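The block underneath contains the structure these notes are about, expressed in structure tokens.
The values are calculated or read from the model by the stated rules, or taken from the named source; none is laboratory data. Please read these numbers as outputs of a predicted model, since none were measured by experiment. A quick note on method: Cβ atoms are made from the backbone with ideal geometry, for glycine too, and the neighbour counts reach across all protein chains shown.
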């Protein structure tokens, strides 16, 4: 079930080879600060010692059952607790967390699994629904002894083999979590074990908790993934899944950590950005002109973006999925031929320092193009042609890949695809609102024009907009843990 076997999961469990998979690497350049993410609110986490919890070895983790009266509040739905479990490395290699931060892997990771009890009667009914699960992730590092973990780790020797269970007295589960519940990463993902349903809203706390080396070794050396009667016991260690592709997802953070230095601070999710484009292309533009201009207008004052324009390493995302999907996503959303196929711009792209393998922040790319044109003494006619045809498409691609917000020129470019009275009305409204704020020439842009489209989190938008998981896809006959 560890790193060696996960490559074959998709043969029997198709979702494991699909999109929105977990875990992921929290890369700084892909994280967006969202000031509307509130501290996690725990309810009834302090359990009585009279309450009995079941600690079990399910063959691929240590799992502790939790009563459903434990729940999270302050979220769109009530999420009730079901169980917690662990992922860890080995005795020789104490690096077994599933999520990583800029490539850093912690010794272990704890997952507290909750299900949407406002909509579903139990976790089995919720596990394959797009809004079904909410998991708290906690990084674990080796350091000082942690008395809270001894509440159940001291019983591990009683569950050495798969299928074995012991009873544990209740305790304050809050003590297993970091002191700060207001600093965390948030994104939409999946179970990290088969059947890998993309049904999880992940909240992974920024700060790790510590356990002692002996406490860590209780997990890494005392357990087996095989039954007691089997002749050749199989050690249970290294039970973590490797990092998965980002699939154009946005990772939100409840804390500031210099995310603004990476060129884009919009917290709009991929689904939300596509909905904006769809609204411009097929929606009621009259209503948009009356009520929705603030969702579309870019900031008219542009702030400098440090450490972005000249840092090609940051400019290049290095995501295989985005390389594969960016043109497909744009063409399917806009429903028109790609600009690369209908203009002569493609022959200039190598000269401008970008190609289909590079996805840059639009403003950075725009400045680079303009500088190259001046260097090669291109006439004004060429520059105007790029402004009218290529730049709006570049901005649109960058917007859909969350590198920039939608430029005013791009909005008008989309409106021109709709020769209707409503489109003219919205164009006039845009002109009226932006009157007196004449934009500088493209070659004078100092940074990205970024707009925060909505205070809604990525998770809320994705969960309310569509079902990622087919509800008629039944759970495979196996034990899942996340």
Qualifying positions in the range 11-36 - assigned to a loop (DSSP other than H, G, I, E, B), under 12 Å from the mean Cα position of the chain (by Cα) and closer than 19 Å to residue 134 by Cα: 19, 20, 21, 22, 23, 24
Spans of strands (runs of 3 or more DSSP E) in the range 37-97 with at least 1 residues within 22 Å of the chain's Cα centre (by Cα): 41-43, 71-73, 79-88
Residue satisfying condition, being closer than 19 Å to residue 205 by Cβ, in contact with a helix residue (DSSP H, G or I) (Cβ under 8 Å, 6 or more places away or on another chain) and either free of Cβ contacts under 8 Å to residues at least 12 places away in the same chain or crowded, with 20+ Cβ neighbours inside 10 Å (or both), within set 31, 62: 31
Condition check for residue 268: at pLDDT below 80, farther than 30 Å from residue 220 by Cβ and assigned to a loop (DSSP other than H, G, I, E, B): yes
Among (1) assigned to a loop (DSSP other than H, G, I, E, B); (2) touching a helix residue (DSSP H, G or I) at 6+ places or on another chain (Cβ under 8 Å); (3) closer than 16 Å to residue 62 by Cα, the one test that residue 161 misses: (2)
Odd one out for residue 166 among (1) part of a strand (DSSP E or B); (2) surrounded by 19 or more Cβ atoms within 10 Å (Cβ to Cβ); (3) modelled with pLDDT of 95 or more: (2)
Count - residues of the range 396-422 that are modelled with pLDDT under 80, under 30 Å from the mean Cα position of the chain (by Cα), within 17 Å of residue 279 (Cβ to Cβ) and part of a helix (DSSP H, G or I): 3
Qualifying residues in the range 231-259 (those that are on the phi > 0 side of the Ramachandran plot and in contact with a helix residue (DSSP H, G or I) (Cβ under 6 Å, 6 or more places away or on another chain)) - the one modelled with the lowest pLDDT: 248
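What about residue 228, is it surrounded by fewer than 16 Cβ atoms within 10 Å (Cβ to Cβ), touching a helix residue (DSSP H, G or I) at 6+ places or on another chain (Cβ under 9 Å) and touching a residue at least 24 places away in the same chain (Cβ under 8 Å)?
no
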